[in-house]
Amino acid sequence: MLHSRISGIGFHVPDRVVTNHDLEALMDTSDAWIVERTGIRQRHFVAGDVGSSDLGIEAARRALADAGRAARDVDFVIFATTTPDWMFPGNGVLVQQALGLDTVGALDVRNACSGFVYALSVADAFVRMGRYRCVLVIGAEVQSTGLDLSTDGRDMAVLFGDGAGAAVVEPTEAPRGILSWALHSEGALARELWCEAPSSRVPGRITTEMLEQRRQLPRMNGRQVFKNATTRFPEVIHEVLAAAGHTLEEVALIVPHQANQRIGDAVAQRLGVPPEKVFQNIERYGNTTAASIPIALTEARDQGRFRDGDLVVLAAFGAGFAWAGCAMRW
Ligand code: UT7
């Protein structure tokens, strides 16, 4: 039976490293608070006018090289981001142009922290139906330009970072590759983590009043996100494993969206697995939203945390709320 698999992965983060101490100079926070509550020690921020498309394009180049594929092999692009360069068109077409791809389709996905897993599920479906044979899936974000780096915005500002990750998805024969995935949402909680402007509800898309109130920047009810995340992560991990006919004991590594180290620790605890079975690298990148899973997956693979033939589970939770999981045999 035709399956799809990730044949190459790669990531890219901007050079500029911003430590917790750098943030201490901008707002009332401390390295100790950030490390204790989030596990984050540093993150990368873009400099100048670099957009999420630029980061995504570089990650895509690396994933293609890792897969041993050339740009001419790509027959579809899926770009997941909540921070596109422009309101429209989406970043996908910018990848098509920058990589010199044929006039292939380019789809944009806006499911925030779950964007990469949502995008991967679409790639899997297209490949399995025989429609495409080499799909480029990208998750990239520039969060730094949307953060309030004053004490008012400190809950968000210390969490987020910029970066990009990408995967090449190609056909393979079962039992390798993507075995199952699950996608969920709960819009009743949309305003618990959101960015309301610019908005099509507003004539002119944004008003001076909205700008003064900084409503063009993301806002979050951190405790609500935390509570839901620690429930939904284990739930969706169990769901995709059951759908794939596997058990937690068989899993080599869980690669969750990097939201907060305490969330990752809680997920390991609730699942009853040792902490080392849940990969975490938030310490060095912060929360990079749609980019965090492909960045983590690349680092985990490069560190030998899983090998060919191993069972790997991805899981994501974030704005929407939307959450998603994917089980694959690497
Ligand atoms: O991908 C999904 C995106 N979002 C998330 O994953 C976020 C999930 N939530 C979290 O990670 C945590 O809720 C936070 C890290 C955002 C906050 O941690 P917390 O342990 O839930 O803290 P809290 O919101 O309950 O705040 C505790 C205190 C408050 O002070 P008071 O009211 O107790 O005096 C905050 O004002 O910590 C204060 N605080 C800070 N202090 C220093 C909030 N942010 C900061 C900060 N530095 N950056």
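The values are calculated or read from the model by the stated rules, or taken from the named source; none is laboratory data. Predicted model, so just to flag it, every value in this text is computed and none were measured. A quick note on method: Cβ atoms are made from the backbone with ideal geometry, for glycine too, and the neighbour counts reach across all protein chains shown. The accessibility values were calculated without ligands, DNA or RNA, using every heavy atom of the protein model including side chains. Shrake-Rupley method; radii C 1.70, N 1.55, O 1.52, S 1.80 Å.
Mind grabbing the accessible area of L94 for me, 1.4 Å probe, Å², rounded to tens?
Its accessible surface works out to 30 Å², give or take rounding.
Rounded if a/c is under 1.5, else prolate if a/b beats b/c, else oblate: with a ≥ b ≥ c from the C-alpha gyration tensor eigenvalues square-rooted, which is the range 135-268?
Values: a/c = 2.28, a/b = 1.84, b/c = 1.24.
It is prolate, given that a/c is not under 1.5 and a/b is the larger ratio.
Please tell me the relative contact order of the range 19-135 in percent, rounded to the nearest whole number, where contacts are Cα pairs under 8 Å and at least six residues apart.
Values: 127 pairs, mean separation 26.7, N = 117.
The value is 23 percent.
Tell me, in nm to one decimal, what length is gained between K277 and E250 on full extension, where the rule is 0.36 nm per residue of separation less the Cα-Cα distance?
Details: separation 27, 0.36 × 27 = 9.72 nm, distance 1.10 nm.
Full extension from K277 to E250 adds 8.6 nm.
Compactness ratio of the range 86-158: Cα Rg over 2.2 N^0.38 Å, N = residue count? Could you put the intermediate results ahead of the total?
Working: Rg = 15.9 Å, N = 73, 2.2 N^0.38 = 11.2 Å.
Against the compact-globule rule of thumb, the ratio is 1.41.
What size of dipole, in debye to the nearest 20, comes out for the chain about its Cα centre when the only charges are +1 on Lys and Arg C-beta atoms and -1 on Asp and Glu C-beta atoms? Can you show the working numbers first?
Working: 32 positive and 39 negative charges, 117 e Å.
The calculated dipole for the chain is roughly 560 debye.
Between R201 and E36, what is the label-to-label distance in nm when each label sits 7 Å out along the Cα-to-Cβ direction?
It works out to 3.8 nm between the two label points.
How much net charge surrounds V122 when only the other residues with a Cβ under 12 Å from the Cβ of V122 are counted, with Lys and Arg +1 and Asp and Glu -1? Display every interim value, and only then the final one.
Numbers: positive: R128, R131; negative: D108, D124.
The answer is 0.
Among 263-272, 116-125, 277-286, how do they line up from the highest to the lowest mean number of other beta-carbon atoms within 10 Å?
On the way: 263-272: 17.8, 116-125: 25.1, 277-286: 21.3.
The packing order, highest mean first, is 116-125, 277-286, 263-272.
Taking the simple approach of a point 7 Å from Cα along Cα-to-Cβ for both H184 and A242, what is their distance in nm?
In this crude spin-label approximation the distance works out to 1.0 nm.
For the range 178-329, what is the charge dipole size about the Cα centre, in debye to the nearest 20, if Lys and Arg each add +1 at the Cβ and Asp and Glu each add -1 at the Cβ?
Numbers: 17 positive and 16 negative charges, 94 e Å.
Using only the charged Cβ atoms, the result is roughly 460 debye.
Where the eigenvalues come from the Cα gyration tensor of the range 178-329, what are the semi-axes √(5λ) of the equivalent ellipsoid, largest first, in whole Å?
Details: eigenvalues 214, 49, 38 Å².
Semi-axes from the Cα gyration tensor: 33, 16, 14 Å.
Relative to 2.2 N^0.38 Å, what does the C-alpha radius of gyration of the range 252-330 come to as a ratio? Two decimals please. Before the final figure, lay out each step's value.
Working: Rg = 11.7 Å, N = 79, 2.2 N^0.38 = 11.6 Å.
So the Cα radius of gyration is 1.01 times the expected 2.2 N^0.38 Å.
About the Cα centre of the range 3-175, how large is the charge dipole given +1 on each Lys and Arg Cβ and -1 on each Asp and Glu Cβ? Please answer in debye to the nearest 20.
Values: 14 positive and 23 negative charges, 142 e Å.
The dipole magnitude comes to about 680 debye.
Any idea what diffusion coefficient the chain gets from Stokes-Einstein, in µm²/s, Kirkwood Rh on alpha carbon pairs, 25 °C, 0.890 mPa s?
On the way: Rh = 19.7 Å.
The estimated diffusion coefficient comes to 125 µm²/s.
May I ask you to derive the relative contact order of the chain, considering only C-alpha pairs under 8 Å and at least 6 residues apart, and to give it as an integer percent? Write down the numbers at each step before the final one.
Values: 807 pairs, mean separation 85.5, N = 330.
Relative contact order of the chain: 26 percent.
Tell me what the chain gives for mean residue ellipticity at 222 nm when only DSSP H runs of n ≥ 4 count, each as -39,500 (n - 2.57), the sum divided by the residue total, rounded to 500 deg cm²/dmol. Provide the component values of the computation, followed by the final result.
Details: 11 runs with 108 residues, N = 330.
One gets -9500 deg cm²/dmol as the mean residue ellipticity at 222 nm.
Gap in Å between the Cα centre of the range 166-245 and the Cα centre of the range 99-121?
That distance is 15 Å.
Relative to the present Cα-Cα distance, how much length would full extension add between H21 and D310 at 0.36 nm per residue of separation?
Residue separation times 0.36 nm, minus the Cα-Cα distance, leaves 100.1 nm.
Keeping all protein chains in position, work out how much accessible area S200 exposes to a 1.4 Å probe, and write it in Å² to the nearest 10.
100
Amide H to amide H, which residues 5 or more places from F160 or on other chains are under 5 Å from it, using H placed in the peptide plane?
Excluding prolines and chain starts, which carry no amide H, the hits are N287.
Over all distinct Cα pairs, what is the inverse of the mean 1/r for the range 3-175, reported as the Kirkwood hydrodynamic radius in Å?
In the range 3-175 this quantity evaluates to 16.8 Å.
What does the accessible area of T151 come to, in Å² to the nearest 10, when a probe of 1.4 Å is used?
Using a 1.4 Å probe on the heavy atoms, I get roughly 60 Å².
I'd like to check one number: the per residue accessible area of the range 3-175, probe 1.4 Å, reported in Å² as a whole number. Each step should come with its number before you reach the end.
Details: 7090 Å² over 173 residues.
It amounts to 41 Å² per residue over the range 3-175.
Between R110 and R133, what FRET efficiency comes out of the Förster formula 1/(1 + (r/R0)^6) with R0 = 35 Å and r the beta carbon distance, rounded to 0.05?
Details: r = 26 Å, r/R0 = 0.74.
After rounding to 0.05, the efficiency reads 0.85.
Within the range 3-175, what percent of beta bridges assigned by DSSP are antiparallel, to the nearest 5?
Details: 19 of 29 bridges.
Antiparallel bridges: around 65 percent, rounded to the nearest 5.
R176 to Q224: extension gain in nm, 0.36 nm per residue of separation minus the Cα-Cα distance? Write out the running numbers ahead of the final one.
Numbers: separation 48, 0.36 × 48 = 17.28 nm, distance 3.72 nm.
Result for the pair: 13.6 nm of gain on full extension.
Given all pairs of different Cα atoms, what value in angstroms does the Kirkwood hydrodynamic radius of the range 219-295 take?
Values: mean 1/r = 0.0767 Å⁻¹.
One decimal place: 13.0 Å for the Kirkwood radius.
Long-range amide H contacts for Y132: which residues qualify at under 5 Å (H placed 1.01 Å from N, peptide plane, sequence gap of 5 or more or a different chain)?
Those lying under 5 Å, H to H, from Y132 are V127.
Modelling each spin label as a point 7 Å along the Cα-to-Cβ direction, I'd like the R270/D102 distance in nm, to one decimal.
4.5
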